[in-house]
Amino acid sequence: MNIGIEKKWTYLIALSLIWGSSFILIKKSLLGLSALQVGSLRIVFSSIIIFLIAFNRISTIPIKKWRWISLSAFVGTFFPAFLFAYAETQIDSAVASILNSLVPMNTVLIGFAVFKISTTKIQSLGVLIGFIGTCTLIISGADLNPDQNYLYSGLVVISSVLYAINVNLIKKHLYDVNAVSIAVGQFVVIFIPSIVVLFYSGFFNLEFIDNHLLYDSLFYVFLLSFFGTAMAKILFNKLIQISSPVFASSVTYSMLVVSVIWGILDGELFNFYQAVATILIIMGVYLSNKKKPIN
């Protein structure tokens, strides 16, 4: 195995562990904060961390690349941060992570529909199987947890589409920009909007004195921001550049093993039908990324 292959697998494993733990951190953050507060704080904390590490990288970003970095910032970080937070107010963290594994499949669909990347019959079959698995997961989850509103699972599906768009954007338009520079640029773009959202979320009106639940939630958001957003964003941007969009997006189904384990340890229910649905989704994602030509 050459150094390049070892490096991309190292990034993939690290991201799987980091992002696989992000869903349970979102869930814990929501115990003392609203979804709007979690989403905005996640971006604000991440921005500060990134700026402290590499703010001077801004000058290395070519002017003509800023429009793509801006678009990438909103579709790949800003909107998903809020969508996931709102989703996990109603659905389990494990279910959110499984639905998030649709990203590689959506990467193929977006690549075909927007970027004119050809697809094959076996990839089309994979998309169909993945769709069936998704429907099964949502329906079985709604039966298992009748007190949860599984319409919110649609927010995760929307996020997976946004992530897929972001993967294709970075690979097509930002492949020649340093991964750290991309991350800095992204957070420069969304930092002020996140501050504005945080202000209107009511965060500064919260009672902080002896509010241990609030402090715990803030700690979880910080962990989520440092590892799950700031550090992971740099690693993911680099992974996209040294591999294919499909390989990079495959982190979403390697990390679901980690997230499902966290969910079960936290007492979340997971039945046989959800396990079958998970297998169908993974199978669909795998087939949708096959490069076998049409006979």
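Across the range 136-155, what is the number of residues that are touching a Gly at 6+ places or on another chain (Cβ under 9 Å) and outside any helix (DSSP H, G or I)?
Result for the range 136-155: 1.
Looking only at residues of the range 276-295 that are at pLDDT 80 or above and farther than 15 Å from SER254 by Cβ, we find that the one that is surrounded by the fewest Cβ atoms within 10 Å (Cβ to Cβ) is VAL276.
Of the set (1) part of a helix (DSSP H, G or I); (2) over 20 Å from SER160 (Cα atoms); (3) not charged (D, E, K, R), all apply to LEU235 but (2). Residues of the range 65-99 that are closer than 27 Å to PRO146 by Cα, over 13 Å from the mean Cα position of the chain (by Cα) and not charged (D, E, K, R): TYR86, THR89, GLN90, ILE91, ALA94, VAL95. Scanning the range 100-110 for residues that are part of a helix (DSSP H, G or I) and either in contact with a Leu (Cβ under 7 Å, 6 or more places away or on another chain) or modelled with pLDDT of 95 or more (or both) yields nothing.
Looking for something touching a Ser or Thr at 6+ places or on another chain (Cβ under 7 Å), of a type in the set (Phe, Trp, Tyr) and surrounded by 17 or more Cβ atoms within 10 Å (Cβ to Cβ) - is there at least one such residue anywhere in the range 42-58? Checking the range 42-58: at least one residue is touching a Ser or Thr at 6+ places or on another chain (Cβ under 7 Å), of a type in the set (Phe, Trp, Tyr) and surrounded by 17 or more Cβ atoms within 10 Å (Cβ to Cβ).
Answer yes if at least one residue in the range 21-34 is surrounded by fewer than 20 Cβ atoms within 10 Å (Cβ to Cβ), among the hydrophobic types (A, V, I, L, M, F, W, C) and either in contact with a Cys (Cβ under 6 Å, 6 or more places away or on another chain) or at pLDDT 90 or above (or both), and no otherwise. Yes; the residues of the range 21-34 include at least one that is surrounded by fewer than 20 Cβ atoms within 10 Å (Cβ to Cβ), among the hydrophobic types (A, V, I, L, M, F, W, C) and either in contact with a Cys (Cβ under 6 Å, 6 or more places away or on another chain) or at pLDDT 90 or above (or both).
Among the criteria (1) over 26 Å from ILE129 (Cβ atoms); (2) charged (D, E, K, R); (3) modelled with pLDDT of 80 or more, the one GLU268 does not fulfil is (1). Of all the residues in the range 159-180, those that are part of a loop (DSSP other than H, G, I, E, B) and of a type in the set (S, T, N, Q) number 1. Residue check: is PHE208 farther than 17 Å from ALA35 by Cβ, touching a helix residue (DSSP H, G or I) at 6+ places or on another chain (Cβ under 9 Å), of a type in the set (A, V, I, L, M, F, W, C) and not in a helix (DSSP H, G or I)? Yes: the conditions hold for PHE208.
With respect to the stated conditions, ILE139 fails to be under 30 Å from LEU33 (Cα atoms), among the hydrophobic types (A, V, I, L, M, F, W, C) and buried (at least 20 other Cβ atoms within 10 Å of the Cβ).
The condition of being touching a Gly at 6+ places or on another chain (Cβ under 6 Å) and under 21 Å from MET255 (Cα atoms) holds for only one of ILE158, ILE129, that being ILE129.
I'd like the full set of residues that are of a type in the set (D, E, K, R) and either surrounded by fewer than 17 Cβ atoms within 10 Å (Cβ to Cβ) or without any contact (Cβ under 8 Å) to a residue 12 or more places away in the chain (or both), limited to the range 59-101.
Residues of the range 59-101 that are of a type in the set (D, E, K, R), as a first pass: 64-65, 67, 88, 92.
If the condition is that a residue be of a type in the set (D, E, K, R) and either surrounded by fewer than 17 Cβ atoms within 10 Å (Cβ to Cβ) or without any contact (Cβ under 8 Å) to a residue 12 or more places away in the chain (or both), then LYS64, ARG67 are the ones that fit.
Does LYS8 satisfy the condition of being modelled with pLDDT of 85 or more, surrounded by fewer than 21 Cβ atoms within 10 Å (Cβ to Cβ) and either among the basic types (Lys, Arg) or assigned to a loop (DSSP other than H, G, I, E, B) (or both)? In short, no.
The values are calculated or read from the model by the stated rules, or taken from the named source; none is laboratory data. Quick caveat, the model's predicted, so the values are computed rather than measured. Heads up, the Cβs are rebuilt from the backbone with ideal geometry, glycines too, and the neighbour counts pull from every protein chain shown.
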